[in-house]
Amino acid sequence: MRDFDYSAPTSVAEAVRLLNQSPGAGRPLAGGTDLIDQLRLGRHQPELVVDIKRIPELNVLELSSRGLRLGAAVPCSRIYSDAGIAQEYAALVDSARIIGGVQIQNRASVGGNLCNSGPAADSTPSLIALGARAVIAGPQGTREVPVEEFCTGPGKNVLHRGEVLVELRFPPRPANSGSHYRRFIPRNEMDIAVVSVGALVELDASGERIKSARIALGAVGPTPLFAREASSGLAGRSPTVETLTEAAQAAQAIATPIDDMRGTKEFRRHVTGVLVRRVLEECVQRARHPA
Amino acid sequence: MAKKRVVSTTINGKSIELLCEPRQTLLEVLRDNLDLTGTKEGCSNGNCGACTVLMNGRPVVSCLVLAMEAEGASLETIEGVAQGGDLDPIQQAFLENAALQCGICTPGFIMSTKALLTENPNPTEQEARFYLAGNLCRCTGYDKIIRAVLDSAQRRQAALAAERQHS
């Protein structure tokens with residue numbers, strides 16, 4: 001592996017300072033499951049790797065009446081081991097459980113998954129569906145970005161040089177709501193999504209009408225996509241097969257998939273429709289019958 | 001070249017200090033600096049699980065950990081599984097069920113199995129298969145491996161029951 005220096009600061013301010021003073025590019029290290037492979041391949045050639053796992057704010061995992069705070073370095077296994085989070089933010093836990101195998105889940109963080117900004121990232125559609133916001137620290141202070149605006153292209157995002165993702169903030173789960181994430185892969189596990197869908201559905205008190213919904217798509221565009229119109233079109237409707245099929249068609253309309261070894265455009269567009277419908281059905285089930 | 005640094009860590013119960021380069025992975029340091037060659041290098045990109053070790057009790061792939069990150073951690077490798085001259089029940093079950101062919105994946109499977117049985121002492125076949133999804137066997141001898149894992153669970157349960165009777 002190409003030579004680099006290593007530092008493990010214990011505060012956000014120190015991490016930001018290190019990332020900005022490094023003469024070549026500095027690179028934050030969380031679980032390393034993407035970064036260390038990329039260092040080996042020479043895709044990133046930082047002078048300095050800044051291990052952010054010793055910073056308390058990046059290890060926060062706090063569920064309260066104000067919502068969820070998820071530190072950017074918290075590994076997937078800590079997320080799905082928390083029964084409260086599984087109940088309140090089911091889509092996030094669905095994602096955390098299927099990223100890599102157990103060895104990867106013990107290291108890989110949702111924050112890192114977002115910053116790696118892969119179009120098929122398994123946690124990003126869930127973050128978008130759940131309305132998460134990214135809290136970013138940099139030399140000019142902190143700023144917040146809704147997750148649907150975070151990724152700007154494959155491997156690209158809104159982080160400027162020297163900025164670091166500190167945490168993801170989720171609003172409280174709405175009453176009578178359910179969320180779910182599902183992907184299509186040809187295997188049972190350990191694979192990259194061909195298409196993936198995350199969604200949140202909020203029902204009214206009767207459980208018969210949709211109050212609001214958020215649908216996000218993965219692996220069918222250069223970034224994970226928030227299906228804005230498919231989502232808003234569900235408000236006020238009864239969650240019948242016809243309604244959910246309409247939402248699926250609206251979601252298919254924004255998909256711009258590519259042909260590759262994992263699937264053709266036509267196949268991906270088709271699977272987008274199927275998955276959106278199934279994920280919405282599961283959200284409705286979860287909203288009506290909380291675990 | 002970046003300066004070599006001292007890392008204090010615990011490996012198989014022994015506190016040690018290591019001198020390593022920031023760019024060295026934990027896998028490299030285990031094998032090349034410490035001569036703990038029971039941990040195998042397979043793909044070196046986190047897919048195969050051959051280099052699985054336990055870090056603070058949890059399985060990780062040591063090819064995707066920098067040695068520097070082991071500062072203050074407790075590590076367990078295949079060399080620490082047998083107690084004295086006695087094989088661990090997991091190792092015994094792998095032997096008796098002929099759960100290995102070329103053997104390169106075996107240390108990784110045993111480390112993952114150890115973590116599985118600590119978390120879930122009595123897994124179903126499906127739970128075992130999902131937990132071990134991050135360990136690949138290129139000889140494709142999965143059935144015997146899974147049989148050995150389920151057999152290990154029974155052996156451990158029996159050993160625990162026997163211990164309880166004696167105490």
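Coordinate-derived values only; no laboratory data. Computed from a predicted structure; not experimentally measured. Note that we place each Cβ from the backbone using ideal geometry, even for glycine, and neighbour counts take in every protein chain shown.
Total residues in the stretch A:143-154 satisfying the condition of being over 13 Å from the mean Cα position of the chain (by Cα) and either in contact (Cβ under 8 Å) with a residue 40 or more places away in the chain or crowded, with 16+ Cβ neighbours inside 10 Å (or both): the figure is 3.
Exactly one residue out of A:L41, A:L18, A:L35 is within 13 Å of another protein chain (Cβ to nearest Cβ), touching a residue at least 12 places away in the same chain (Cβ under 8 Å), surrounded by fewer than 24 Cβ atoms within 10 Å (Cβ to Cβ) and over 30 Å from A:E202 (Cα atoms): that is A:L35.
Filtering the stretch B:42-69 to residues that are over 16 Å from the mean Cα position of the chain (by Cα) and surrounded by 21 or more Cβ atoms within 10 Å (Cβ to Cβ) leaves B:L66, B:A67, B:M68, B:E69. Being assigned to a helix (DSSP H, G or I), without any contact (Cβ under 8 Å) to a residue 24 or more places away in the chain and more than 12 Å from the chain's Cα centre (by Cα) narrows it down to one residue among B:L95, B:L150; which is it? From the options B:L95, B:L150, the qualifying one is B:L95. Within the bounds of the stretch B:103-117, is there any residue that is without any contact (Cβ under 8 Å) to a residue 12 or more places away in the chain, more than 13 Å from every other protein chain (Cβ to nearest Cβ) and surrounded by fewer than 21 Cβ atoms within 10 Å (Cβ to Cβ)? Checked the stretch B:103-117: at least one residue is without any contact (Cβ under 8 Å) to a residue 12 or more places away in the chain, more than 13 Å from every other protein chain (Cβ to nearest Cβ) and surrounded by fewer than 21 Cβ atoms within 10 Å (Cβ to Cβ). Do we have B:D35 as at positive phi and among the acidic types (D, E) here? Judged against the criteria, B:D35 is a match. Among the residues making up the stretch B:13-36, those that are facing chain A (nearest Cβ under 9 Å) and assigned to a loop (DSSP other than H, G, I, E, B) are B:E21, B:P22, B:R23, B:Q24. Of the residues making up the stretch A:80-97, those that are touching a strand residue (DSSP E or B) at 6+ places or on another chain (Cβ under 7 Å) and part of a helix (DSSP H, G or I) are A:G84, A:I85, A:E88, A:A90, A:A91, A:D94, A:S95. Against the test of being more than 10 Å from chain A (Cβ to nearest Cβ), surrounded by 14 or more Cβ atoms within 10 Å (Cβ to Cβ) and in a strand (DSSP E or B), the options B:T10, B:T39 yield a single qualifying residue, B:T10.
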